[in-house]
Amino acid sequence: MIEKDTIRLLRECDAGIKMGVDSINDVLNDVSNDEFKKLLSDCRNEHEKLNSEIQSLLDEYGDDGKDPNPMAKGMSWIKTNAKMAWDGSDNTIADLMTDGCNMGVKSLSKYLNQYKAASEKTKDIAKKLIAIEGTLSTDMRPYL
């Protein structure tokens, strides 16, 4: 049971990181404030660093990880592009990114509770990812 829950939680973290990195990449070139751009870029780098750790663990278990849900990714893309077409300001970007962070915190917390038998190392990774998302959400408030 431990191995099964560990792999499942790692997969969800993998999908969450991929979704977060894709979302940041979708808006980064549209950010006009240099400090805000650095904030998003630094967060993307933290996600990618954590994902390297996740990939190493998934490799140990012989697992390929998980891509984000195509429906969720598609809906996110539509929402982002519609809002950006209407108002491509930093405020809009901060609003979109805050929503994404909050959804990430919510879903990862759910998976952390669901996969209670996961290894402590994997739980720590999930908690670290939740903390990164929560911090980004807070740090974006000045740009809302």
Scan region 103-144 for residues that are open to solvent by less than 50 Å² (accessible area, probe 1.4 Å) and of a type in the set (Lys, Arg) and jot them down. 123
When restricted to 17, 2, 24, the only residue of a type in the set (Val, Ile, Thr) and farther than 23 Å from residue 99 by Cα is 2
Only one of 29, 33, 45, 81 is closer than 16 Å to residue 135 by Cα and either in contact with a Cys (Cβ under 8 Å, 6 or more places away or on another chain) or surrounded by fewer than 20 Cβ atoms within 10 Å (Cβ to Cβ) (or both); which? 45
Could you pull out every one of the helices (runs of 4 or more DSSP H) wholly within region 26-144 that has 3 or more residues that are at pLDDT 95 or above and either more than 14 Å from the chain's Cα centre (by Cα) or on the phi < 0 side of the Ramachandran plot (or both)? 34-60, 90-114, 120-139
Pairs only if they're at least six apart or on different chains, beta carbon under 9 angstrom, first in region 4-21 and free of Cβ contacts under 8 Å to residues at least 40 places away in the same chain, second polar (S, T, N, Q); list them, first residue then second. 21/51
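The values are calculated or read from the model by the stated rules, or taken from the named source; none is laboratory data. If you're wondering where the values come from, they're calculated on a predicted model, not measured in any experiment. Here Cβ is always computed from backbone atoms with ideal geometry, including for glycine, and neighbour counts include all displayed protein chains. Surface areas here come from the heavy atoms of the whole protein model, side chains and all, with no ligands, DNA or RNA. Shrake-Rupley method; radii C 1.70, N 1.55, O 1.52, S 1.80 Å.
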